[in-house]
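Before any comments, here is the structure.
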Amino acid sequence: QVQLVESGGGLVQPGGSLRLSCAASGSTLRAYVMGWYRQAPGKQRELVANIFSGGTTTYADSVKGRFTISRDNEKNTLYLQMNSLKPEDTAVYYCNVTRSGGYYFNWGQGTQVTVSS
């Protein structure tokens, strides 16, 4: 089965940057539409960014202009570059497929992003 391992989170001050990685094993991600999700305490999970197999990207309005999603098919890895971070970006960030008709790979443990002074 596909396993997803997120990394790169941490504590950062407002205005700072982080680069998240999502490493996949068990299958290639090349053909999948992939995305980054986040879930803040007490809130439902939301899709933050999306990347199609051909490289086209979309973003939630809340992060547009600040976050950049990318993928490296040779390394079977998904990335999220996060700039100009705000306290409201604080959440656990997960990667998984999107536009999948309700099917998801097993969720990884996520990586915690905390934006605070």
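The values are calculated or read from the model by the stated rules, or taken from the named source; none is laboratory data. On a predicted model such as this, the values are computed, not experimentally measured, just so you know. Here Cβ is always computed from backbone atoms with ideal geometry, including for glycine, and neighbour counts include all displayed protein chains. These accessible areas exclude ligands, DNA and RNA; they are computed on the full protein's heavy atoms, side chains included. Shrake-Rupley method; radii C 1.70, N 1.55, O 1.52, S 1.80 Å.
Condition first: in contact with a Lys or Arg (Cβ under 7 Å, 6 or more places away or on another chain), modelled with pLDDT of 95 or more and more than 12 Å from Tyr79 (Cβ to Cβ). Can you find one or more residues in the stretch 46-58 that meet it?
yes
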Having 3 or more residues that are among the polar types (S, T, N, Q) and closer than 24 Å to Val12 by Cα is the bar; report the strands (runs of 3 or more DSSP E) wholly within the stretch 70-117 that clear it.
111-115
Taking Arg19 and the conditions (1) open to solvent by less than 10 Å² (accessible area, probe 1.4 Å); (2) at pLDDT 95 or above, which numbered condition does it fall short on, given that it satisfies the others?
(1)
Any chance the stretch 54-67 includes a residue that's in a loop (DSSP other than H, G, I, E, B), open to solvent by 60 Å² or more (accessible area, probe 1.4 Å) and under 18 Å from Val5 (Cβ atoms)?
no
Just give me the residues in the stretch 22-43 being more than 17 Å from Thr114 (Cα to Cα), open to solvent by 60 Å² or more (accessible area, probe 1.4 Å) and of a type outside the set (Gly, Ala, Ser), in sequence order.
Thr28, Arg30, Tyr32
Quick one: Gln3 ticks every box in (1) modelled with pLDDT of 95 or more; (2) within 16 Å of Tyr94 (Cα to Cα); (3) surrounded by 15 or more Cβ atoms within 10 Å (Cβ to Cβ) except a single one, so which number is it?
(3)
